[in-house]
Amino acid sequence: MSDQDLNQREKERNVFYTFLAAYPTLKESVKQVCSPLSANDFPDITVKFRDGSELDFELGEWLECLQMGGAKRSEQIRSFILDAIGKQGPNASGYFSYVMLTLLPNVSCFNNKEDGTTFHSELFALINETDQRWPNEPMWHDPQGFLCTDFGQRSTLAKYLQSIHFPPGSAKKRPSGQRWIVFEETGGAYDPSHAMGALRNIIQRKAGHYGSCIQKKVHLLIHSGQTLLYNTPYHSLDVHSFQDVADAVAKWMSDSSIKPGPFAKIYLLKAVQPNPLAFEVYPDFKLLGP
């Protein structure tokens, strides 16, 4: 088995153990959890029960691939830039408490070899210049502080950053050793239909892919985890919680807008520790944990 297959098998087993943690009554009856030799083999998990019976599980991950790719790429670029900045030391300014960087939306990579040193020098030069100018810039003294969007001749900053925000305040109020040059948290407007559409698609793909070729009883487990980190949120006027998500899937199944294909049961798992949450969404709708 290749390293890639081993990693995939380990990931799937960890997801299934999380499912068992959220479904304690099933866990009590399980004797052994088995994986196939190859990551391409069906099923993903075979469960052997204490009574001698077996049950196959196919796993699917709730992800919107384009959203996840973009979010992971931005996270990686932010990490590379923070590495280029290096040890920040204490914030010596008495005028702004921290410095917040915002990436340009179209940045696809950070060339640390060519731009790392220059980015570092341009950033700290701008920070020092802002600190020196602050007493003579009354417009910066209001609660909004100073939002720098024109970097002048500092072309490396302009290559990667949309803005740099200097919120007013005392650096002394920040805990010692805490980073004071940080990135703006991702967020903003989003369309929850993207996340729900991705969930519908993974169920349809799994059901359509295997069709009627499976002759034995198989259960489908759709799990989220990275969804909550990298995809747009699913919250909307109608969907407030993960239970609402599960309820929506159950309604898709009950009105036949999604066909179950070969799957006798379908589950939805919120694979987030320390309190995973699991629902059966087909053929019944119910919470599986306490």
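The values are calculated or read from the model by the stated rules, or taken from the named source; none is laboratory data. Quick caveat, the model's predicted, so the values are computed rather than measured. In this analysis, Cβ positions are derived from the backbone assuming ideal geometry, glycine residues included, and neighbour counts consider all displayed protein chains.
Here are some notes:
- The single residue among 206, 159, 173, 216 that is of a type in the set (Lys, Arg) and at pLDDT 90 or above turns out to be 159.
- Close contacts from the range 78-94, counting a first residue that is under 10 Å from residue 116 (Cα atoms) and a second that is of a type in the set (Phe, Trp, Tyr) and part of a loop (DSSP other than H, G, I, E, B), with Cβ to Cβ under 7 Å and a gap of 6+ residues or different chains, come to 80/110; 81/110.
- Any chance residue 117 is under 30 Å from residue 200 (Cα atoms), at pLDDT 85 or above and among the polar types (S, T, N, Q): no
- Residue match in the range 95-108 (condition: within 18 Å of residue 179 (Cβ to Cβ), small (Gly, Ala, Ser) and loosely packed, with under 13 Cβ neighbours inside 10 Å): no
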